[in-house]
Amino acid sequence: MIFAAIEKVAVEDADGVLHIGRQALRDALYDTNMEGITGNINCNDTGDCADPLIRVTQIQDGVYVPVWPEAGEMGPAEAAPPPAAGGTFIFGRGGDSVQLDPAIVTDGESFRVTGQCLEPLYQYEPSSATPIPALATECTANEDGTEWTCSLREGVKFHDGTDFNADAVIFNFERWRFTDNPYHFESQVFEYYEYMWAGFDDASVITNVEKIDDYTVKFVMSAPVAPFLANLAMDMFAISSPAAFEQYGEDYGLPAAGCVGTGPFKFVEWVEGDHITVEANDDYWGGRPTIDEIVWRVIPDDSARYLALKAGDIHALEQATIEDIQAADADPELYVLARPALNTGYLAFNYAIEEMRDINFRKAVAHAINRNGLQENFFGAYGEVATNFLPPLMLGHNDAIEDWTYDTDLAKQYLADAGFPDGISEVTLAQDIVDAEGNVVYTTGEKIPLRLYYLPITRFYFPSPKEVAEGMAADLAKAGINVALELAGDWSTYLGLRRTGQLAGLYQLGWGGDNGDPDNFHAFFWGFGGGDRVGDDPSAWVKTPDQREGFYANQEVATLCYEGQINPDRAERELIYQQIEQLLHDDVARIWLVHNNTPLLFSNKVSGYVPQPVGADYYEFTVLEQ
């Protein structure tokens, strides 16, 4: 696959040598989605990447094996010795983690760290969304998919020296599921468990986790879950040490405690707003990592982060300005990898606002924003305008949807149809909005400025969020929709306000797929929550407005989400999710903006880093040239 892609864009000279430019090579590799492939592309000082300078390696059973050219094709002078292991790998990022207990967070910056220290029962194949065994060696289902029996890996220790076994698995799942569990703290929100496993307590589709013996557990389900293994592999269902909860209690995951798992790296320290450090686990069951330490440094400014890479202060970063990405592509000391676009950046409506309940207002916003302009100016070649919530690579993406056109005059007409022929700058609350403590923050009938909240940090689906917001505001103003840009605190605060429905206006957010399955996109956002599943008859369930999703509710979409979740037939599931996409589009539920093939920039001293399309990246194979 990868060889054919390279040969397709290369030029053969009279001696039969293939020549390929750096940009063409990057594009060729991107076209393969890098599935199963990782390694270095070695170019000379002029940027020439002609064969035989190209070397591609593949991870096979945790070992780097040359696959092109094959080892036997390299002459003695060409075969380079393996790079020395060790060193501290420093990764620059735009924002800090929220918490290091993955069960109670939803942000990628937290999973970026916990994914190195904690492991689920399954994980994802390198550079793929295919679930493969991790702490479980195998999970098998009964005929109707209502029981899954998992054999656990023996001889594995948590970082605190305690044993990983069936008791540890049951401890974690019962902590997540049962609201009266002593470690299911009232102050914490277990969003992912509720929506991926259909609720808490008796509402959970997982009705029991039985211990068969010390290294075998059985999951008993009230209904089949089509993406069961993919769900098990998600970062937030990684297994923490029960002893760590007994030691730290509610402080587990905070800077003083960190996280305690079985993964290739162990937590060392967290200086909030500055850095998190982890060290290699010498006793890791999968073999010691190739680097000694990882440090994630927080550098909020995109340009400053790139300058730190250029200066050698960091070895890698995620997301940069278009200008810096282009400069990195041309710099022989740097290289760029792209993570496949299993993400969507969007603009959301808060349906607690009267005007946003009017589809004509929502259509006015949809036609007012020049999404092609945003893509070109802030995402460049790595971005693609979104027509669906599901990215094009995913099952259920609906190519038949007719996209909203950028049409200022049409936007003005829809705004007039909504009752605002002279424009709008103020909106009215249609209901009370309360905070996490139950205090009323906004009251019914209250008039407030029409706000557009922008992200406080760069995210993989939203580079330069303030600048993107300024571009959207300018487009909206042309149609008479006058917004006040609003920065609502730091990342943790922003997510907290979103969770309680307090982003009272238009707001930026996005989603990156956690497991490669459309259920993880749709059911998490639009499906029935635990409180909606009253009784045993799904046809009687009622979808209630969810404050976490800006009080949006769509009964037909929620019903289809449930049908897609329990249906094992791939073709039928595809039709279900395509129908969901059409319903969301027709309702203008949100404005899908851009899918981003997230660029990661590296020093050419780095090799072996594995960007994942879903889940946390793999750092344990990273090699630093000393």
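The values are calculated or read from the model by the stated rules, or taken from the named source; none is laboratory data. In this text, all values refer to a predicted model and were calculated from it rather than measured experimentally. All Cβ positions, even for glycine, are placed from backbone atoms using ideal geometry, and neighbour counts span all protein chains on display. Side chains included, ligands, DNA and RNA excluded: accessible areas come from the protein's heavy atoms. Shrake-Rupley method; radii C 1.70, N 1.55, O 1.52, S 1.80 Å.
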**Report entry** Accessible area of CYS139 in the full protein assembly, 1.4 Å probe (Å², nearest 10)
**Finding:** 10
Report task. Could you run the Karplus curve 6.51 cos²θ - 1.76 cosθ + 1.60 with θ = phi - 60° over segment 269-276 and give me ³J(HN,Hα) per residue in whole Hz, x for Gly and Pro? Result -> 7, 9, 9, 4, x, 10, 6, 10
Requested in this report: Order these peptides, 270-277, 548-555, by their mean beta-carbon neighbour count within 10 angstrom, highest first.
Outcome: 548-555, 270-277
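Determine the calculated [θ] at 222 nm for the chain from helices alone, applying -39500 (n - 2.57) to every DSSP H run no shorter than 4 residues and normalising by the residue count; nearest 500 deg cm²/dmol.
Values: 17 runs with 163 residues, N = 626.
For the chain, the value works out to -7500 deg cm²/dmol.
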Report summary line: Taking 426-432, 324-330, 386-392 and ranking on average Cβ neighbours within 10 Å, highest first, one gets 386-392, 324-330, 426-432
Query raised in the report: Nearest 20 debye, what's the magnitude of the dipole of segment 98-207 about its Cα centre given +1 on Lys and Arg Cβ and -1 on Asp and Glu Cβ?
Result: 360
Query raised in the report: Residue by residue through segment 448-461, which ³J(HN,Hα) values in whole Hz follow from phi under the Karplus form 6.51 cos²θ - 1.76 cosθ + 1.60 (θ = phi - 60°), with glycine and proline marked x?
Result: 9, x, 6, 9, 10, 7, 10, 4, x, 9, 5, 10, 4, 9
Requested in this report: Add +1 for every Lys or Arg and -1 for every Asp or Glu among the other residues with Cβ under 13 Å from the Cβ of ASP586, and state the total.
Outcome: -2
Report summary line: The answer for TYR124, listing residues at least 5 apart or on another chain whose modeled amide H is closer than 5 Å to its amide H, is ILE132
Query raised in the report: Give me the log10 of I(q) over I(0) for segment 465-507 at q = 0.15, 0.18, 0.24 Å⁻¹, as the Debye formula computes it from C-alpha points; what are the numbers?
Result: -0.42, -0.58, -0.86
Query raised in the report: Of LYS310/LYS605; LYS412/LYS478; LYS363/LYS478; LYS412/LYS447, which sit over 19 Å apart, Cα to Cα?
Result: LYS412/LYS447
Query raised in the report: Residues with amide H under 5 Å of ARG451's amide H, sequence separation 5 or more or different chain, H placed in the peptide plane at 1.01 Å from N; which?
Result: ALA484, LEU506
Query - Heavy-atom accessible surface of the chain: percent carbon and sulfur, 1.4 Å - result: 48
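Rolling a 1.4 Å sphere over the protein heavy atoms, what is the accessible area per residue of the chain, to the nearest Å²? Show your work: numbers first, answer last.
Numbers: 23820 Å² over 626 residues.
Accessible area per residue: 38 Å².
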Query raised in the report: Which of SER492, ALA230, PHE158 sits farthest toward the positive end of the charge dipole of the chain, with +1 on the Cβ of Lys and Arg and -1 on the Cβ of Asp and Glu?
Result: SER492
